[in-house]
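Peer 1: Below is one structure. I have some questions about it.
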Amino acid sequence: MNVLKIINKGLVLVATAAVSSWLTYSLCAGKYERTVAELRERVSELQKNEMAAMVTKRISEQMEDIAFQQKTISDQQRDRAEQQSRIADMERGKSEIERGLAREAERQAVKAAHQADSMRLLAEFQSLVATQERQDALAARAKADTLFYNSLGKLLAQNSIAQSDAGSAELASLLSYASWHYTNTYGGDVYQQDVFTSLMRTSGNSMQLTGMMMGSVRSMAKVSNGGAGGAETFVAVSDYGEIASLVPQQGTAATGIRYTVSTIYTDKKNVFRAVCTDDNGNCYALDIGGRLVRQNVSQPVLMPLTMQLPQGRWENILRRKDGVLVAIAHDKVVWIDPVTMTALRSHTVEDDIVEAGMMGSDLLLFCSSGHTRTFSGYEEKPSVSLQMPRGEVVTAFEYAEDKEWLILGTETGPVYIYDRKGKLLSSLHGHTGRVTHMERMDWMLVSSSYDHTVRLWDMRHIGSLVTPVNISYSRWPLCFVTDEKQRMVRIGMEGGDIRSVNVSVETNSRNTHNNITREFSTDEWEYYIGKEVPYRRFKKDTP
């Protein structure tokens with residue numbers, strides 16, 4: 001029973017197990033089929049993926065091959081780049097070495113250049129020192145030569161003057177020309193007193209023109225018309241009532257210009273003090289008592305015209321630029337029409353007039369009180385204030401229009417130069433007596449004085465000490481007139497003489513040379529010039 005139960009239970013269990021198995025199988029078979037289907041799908045998918053993977057793999061392999069090839073190429077390029085870099089580094093190293101060598105060479109070159117510059121500068125300095133020493137030596141020698149030959153020139157001039165005084169004109173001319181030659185050649189002052197005097201004596205250009213005038217020559221003036229050789233005619237008046245004309249005539253090469261002297265008017269009642277001329281050949285002579293005489297110089301046969309001025313002491317007559325004459329007495333001024341010989345205007349001055357002159361168009365009056373009075377036209381105007389040293393009285397006046405200088409000669413001799421504002425520019429000392437007349441001739445101022453001299457002043461050096469050339473006479477030079485073209489000064493003397501002096505050293509040296517008739521003998525050369533100076537001939541010189 002129990003076995004049956006056990007068998008039944010076993011069969012039930014087996015049947016249950018079989019049903020369960022079948023159910024399980026059925027379930028599992030369906031699941032399997034699904035799984036298989038899924039697996040197949042997955043396999044198919046995997047196959048596709050595998051195919052894709054294989055393609056991708058092959059592509060990857062190809063890409064890898066390509067990448068490997070590129071890597072190989074890159075490595076090769078890198079190797080080449082590294083090699084080129086190593087080569088570049090080597091080249092750079094070489095360049096650095098070469099640059100270092102170049103810098104060192106440059107430093108050496110700069111150092112050498114500096115050394116060369118230093119040596120050059122040293123050489124230049126030594127050359128400059130040598131040149132300076134040579135120039136100093138030459139300058140010292142030139143200075144010594146200059147001093148020696150200038151001293152020699154002065155000594156020769158003094159010997160020439162002595163020979164001239166002794167009457168040995170031949171030797172005097174030779175010594176005088178030698179004096180000028182050495183002074184001029186070595187830059188000395190050819191207007192040095194002894195040189196100038198010796199040339200003046202030996203040239204034949206200093207002479208007495210006339211001794212015909214009976215009275216002292218008080219005033220002289222140039223006439224506009226020229227004469228032979230371009231020399232000017234001039235007139236002179238004396239205190240013996242004479243008017244004389246001096247007309248130039250052509251002389252020989254040796255004598256130069258000579259003058260014909262003629263008395264064109266005389267009246268012993270007149271004491272002429274001043275004369276001026278116009279552009280028509282007329283001269284106007286003023287008598288101390290106020291009688292004014294007009295005489296034509298070129299036609300002296302014509303009757304002179306006269307007029308009488310008011311009573312007074314008449315000392316000067318001037319001509320303005322417009323032709324009007326101005327007569328000056330010690331206390332009055334009269335303006336005169338030269339055509340009609342009539343007074344146009346007069347003015348009384350309450351002061352003692354000593355000197356008068358024209359400053360351009362203005363009339364200047366210098367009074368004994370030291371005051372200066374100025375007239376423009378016919379009217380007095382404020383005058384420039386001139387503070388004369390030591391209260392000097394002006395006795396001679398010259399106006400340098402180009403420089404606007406007022407040049408004033410004084411009673412005691414000094415000459416003062418002022419500008420138009422009254423500033424004192426220079427003092428010229430040399431005269432020891434009253435200055436009687438002054439005129440400019442180019443760069444030269446000529447002055448005469450009661451100290452018996454005519455002096456020549458170099459106006460180019462008024463700021464420094466000016467030493468004048470002195471021409472001495474035994475009588476007073478009262479007046480003079482200059483001939484700038486001929487470089488002549490005609491001097492009116494006390495006693496009636498008229499002297500002519502050529503103040504050109506160049507002209508006088510040429511004329512002196514023309515007077516040389518022989519050369520120095522050997523003994524004369526050694527005595528006057530010296531053995532140390534090489535002998536030379538002067539007669540064939542072309543001065």
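The values are calculated or read from the model by the stated rules, or taken from the named source; none is laboratory data. All of these numbers come straight from a predicted model, not from anything done at the bench. Every residue, glycine as well, gets a Cβ built from its backbone with ideal geometry; the counts of neighbours run over all protein chains shown. Only protein heavy atoms, including side chains, enter the accessible area calculation; ligands, DNA and RNA are left aside. Shrake-Rupley method; radii C 1.70, N 1.55, O 1.52, S 1.80 Å.
Peer 1: Can you pull out every residue in the range 393-408 that is without any contact (Cβ under 8 Å) to a residue 40 or more places away in the chain, open to solvent by 10 Å² or more (accessible area, probe 1.4 Å) and either on the phi < 0 side of the Ramachandran plot or over 25 Å from the mean Cα position of the chain (by Cα) (or both)? Steps first, please.
Peer 2: Step one: of the range 393-408, the residues without any contact (Cβ under 8 Å) to a residue 40 or more places away in the chain are 393, 402-405, 407.
Pick out the ones that are also open to solvent by 10 Å² or more (accessible area, probe 1.4 Å) and you get 393, 402-405.
Val393, Asp402, Lys403, Trp405, listed by residue number.
Peer 1: Let me ask you something else. Taking the criterion of being among the basic types (Lys, Arg), farther than 17 Å from Val217 by Cα and either modelled with pLDDT of 90 or more or not in a strand (DSSP E or B) (or both), would at least one residue in the range 466-477 satisfy it? Lay out the reasoning, then the answer.
Peer 2: First, the residues of the range 466-477 that are among the basic types (Lys, Arg): 475.
Within this subset, residues satisfying the condition of being farther than 17 Å from Val217 by Cα are none.
There is no residue in the range 466-477 that is among the basic types (Lys, Arg), farther than 17 Å from Val217 by Cα and either modelled with pLDDT of 90 or more or not in a strand (DSSP E or B) (or both).
Peer 1: Out of all the residues in the range 139-150, is one or more at pLDDT 80 or above and open to solvent by 60 Å² or more (accessible area, probe 1.4 Å)? Quick ask: steps written out before the conclusion?
Peer 2: Just the residues of the range 139-150 that are at pLDDT 80 or above, to begin with: 147-150.
Filter again for open to solvent by 60 Å² or more (accessible area, probe 1.4 Å), leaving 147-148.
Yes, because at least one residue in the range 139-150 is at pLDDT 80 or above and open to solvent by 60 Å² or more (accessible area, probe 1.4 Å).
Peer 1: What is the one condition in (1) within 30 Å of Ile516 (Cα to Cα); (2) modelled with pLDDT of 90 or more that Gln249 does not satisfy?
Peer 2: (2)
Peer 1: Something else now. Go through the range 525-540 and give me each residue that's in a loop (DSSP other than H, G, I, E, B), under 18 Å from Leu156 (Cα atoms) and not small (Gly, Ala, Ser). Talk me through it step by step, then tell me what you get.
Peer 2: Narrowing the range 525-540 to residues in a loop (DSSP other than H, G, I, E, B): 529-540.
After this cut, where a residue has to be under 18 Å from Leu156 (Cα atoms) as well, the list is 529-539.
Listed by number, the residues that qualify are Ile529, Lys531, Glu532, Val533, Pro534, Tyr535, Arg536, Arg537, Phe538, Lys539.
Peer 1: Could you grab the pairs with beta carbons closer than 6 Å, sequence gap of 6+ or different chains, first residue in the range 409-431 and farther than 14 Å from Pro468 by Cα and part of a loop (DSSP other than H, G, I, E, B), second one among the polar types (S, T, N, Q) and open to solvent by less than 10 Å² (accessible area, probe 1.4 Å)?
Peer 2: Within 6 Å, the pairs are Glu411/Thr395.
Peer 1: Can you find, within the range 487-524, the residue that is nearest to Gln193 (Cα to Cα) among those that are assigned to a helix (DSSP H, G or I) and open to solvent by less than 10 Å² (accessible area, probe 1.4 Å)? Explain how you work it out, then say what you get.
Peer 2: Step one: filter the range 487-524 for residues assigned to a helix (DSSP H, G or I), giving 505-514, 522-524.
Now narrow it down to the ones that are open to solvent by less than 10 Å² (accessible area, probe 1.4 Å): 505, 508-509, 512.
Working: Val505: 11, Asn508: 14, Ser509: 14, Thr512: 17 Å.
Once the filter is applied, the top-ranked residue is Val505.
Peer 1: Hey, among the residues in the range 372-390 that are at pLDDT 85 or above and surrounded by 15 or more Cβ atoms within 10 Å (Cβ to Cβ), which one's farthest from Arg319 (Cα to Cα)?
Peer 2: Met388
Every residue, every condition in (1) open to solvent by less than 30 Å² (accessible area, probe 1.4 Å); (2) at pLDDT 95 or above, yes or no:
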| site | (1), (2) |
| --- | --- |
| Met303 | no, no |
| Val324 | yes, yes |
| Ile328 | yes, yes |
| Asp337 | no, yes |
| Ala343 | no, yes |
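Peer 1: List every residue pair whose Cβ atoms sit under 9 Å apart, with the two residues 6 or more apart in sequence or on different chains, where the first one lies in the range 453-469 and is more than 15 Å from Met200 (Cα to Cα) and the second, anywhere, is open to solvent by 30 Å² or more (accessible area, probe 1.4 Å) and modelled with pLDDT under 75.
Peer 2: Within 9 Å, the pairs are Trp457/Thr467; Asp458/Thr467.
Peer 1: The conditions are (1) touching a residue at least 40 places away in the same chain (Cβ under 8 Å); (2) under 24 Å from Cys479 (Cα atoms), and Ser368 fails exactly one of them. Which is it?
Peer 2: (1)
Peer 1: Right, next: So which residues in the range 278-294 are open to solvent by less than 60 Å² (accessible area, probe 1.4 Å), acidic (Asp, Glu) and within 48 Å of the chain's Cα centre (by Cα), if there are any at all?
Peer 2: Step one: filter the range 278-294 for residues open to solvent by less than 60 Å² (accessible area, probe 1.4 Å), giving 278, 281-290, 292-294.
Okay, now just the ones that are also acidic (Asp, Glu), so 278, 287.
Answer for the range 278-294, where residues must be open to solvent by less than 60 Å² (accessible area, probe 1.4 Å), acidic (Asp, Glu) and within 48 Å of the chain's Cα centre (by Cα): just Asp278.
Peer 1: From the list Val275, Val297, exactly one residue is within 30 Å of Ser206 (Cα to Cα), open to solvent by less than 30 Å² (accessible area, probe 1.4 Å), of a type in the set (A, V, I, L, M) and at pLDDT below 90. Which is it? Steps first, please.
Peer 2: On the way: Val275 fails: at pLDDT below 90.
Sole residue among the options that is within 30 Å of Ser206 (Cα to Cα), open to solvent by less than 30 Å² (accessible area, probe 1.4 Å), of a type in the set (A, V, I, L, M) and at pLDDT below 90: Val297.
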